[in-house]
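Notes to accompany the following structure.
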């Protein structure tokens, strides 16, 4: 299983998944990291771990169709079987989705379908959880389709929210849980315990 990662910033879950592969905890090969951000910190760790890194964004490809085509081509050229999004802030195009059909995963910092959709990312999610007085939140691993956060849910982890928790507390608790849930989910997919179709 050849993995590609998409990250806009740190790609902390992608980093953890890569380490799990290199340590033998996952029987998959981390091959490629694609980012839309030339200043992404993910570029540095990915290069250090031996992944191929590519910057593809609307500066290079202003036409969305061409951008989508270029991403799909890079996935095909590198024989990618599965894509893991890790804080990737762009909606994927139809060619990219079709090129690794049904095998593009994302992590979302809430218990979908709550707090999903356009504009619901990072602290926007955690502020909504806090403002609504929710007693629990969590993270979700889901399949990616052409809408924000609407693909099939594969796994979730529930995290309690205490009254005294700040937005930063909630964010840290969720962020700390995401990599392990992502790795567990990929392991179950590789073993056939989770089917993607």
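One table, with the values for the structure above:
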{"quantity": "Directionally averaged shadow of the stretch 106-197, computed from the convex hull of its alpha-carbon atoms, nm²", "calculated": "5.7 nm²"}
{"quantity": "Centre separation in Å (Cα based) which lies between the stretch 24-54 and the stretch 71-92", "calculated": "12 Å"}
{"quantity": "Likely footprinting exposure, 84, 21, fewest C-beta neighbours within 10 Å first", "calculated": "21, 84"}
{"quantity": "Hull volume in cubic angstrom per residue (convex hull over the Cα atoms of the stretch 1-101)", "calculated": "80 Å³"}
{"quantity": "Computed over the stretch 22-134: relative contact order in percent, which uses C-alpha pairs under 8 Å that are six or more apart", "calculated": "17 percent"}
{"quantity": "Ranked list, fewest to most other Cβ atoms within 10 Å of each Cβ, for 59, 170", "calculated": "59, 170"}
{"quantity": "Two-site FRET efficiency, residue 153 against residue 37, from Cβ-Cβ distance with R₀ of 25 Å, rounded to 0.05", "calculated": "0.35"}
{"quantity": "For the chain, radius of gyration divided by Kirkwood radius, i.e. Rg to Rh on alpha-carbons", "calculated": "0.96"}
{"quantity": "Cα→Cβ-extended label distance, 7 Å offset, between residue 196 and residue 48, nm", "calculated": "2.9 nm"}
{"quantity": "Separation in nanometres of the label points that stand 7 Å from Cα toward Cβ, at residue 162 and residue 118", "calculated": "3.9 nm"}
{"quantity": "Cβ-Cβ FRET estimate between residue 136 and residue 55, R0 fixed at 30 Å, reported to 0.05", "calculated": "0.20"}
{"quantity": "Förster radius 30 Å - calculated FRET efficiency between residue 188 and residue 89 (Cβ-Cβ, nearest 0.05)", "calculated": "0.65"}
{"quantity": "Rounded to 5, percent antiparallel among DSSP beta bridges of the chain", "calculated": "40 percent"}
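Each value in this text was obtained by applying a stated rule to the coordinates, not by laboratory testing. Just so you know, these numbers come straight off a predicted model, no measurement behind them. Don't worry about glycine lacking a Cβ; one is built from the backbone with ideal geometry, like all the others, and counts go over all protein chains shown.
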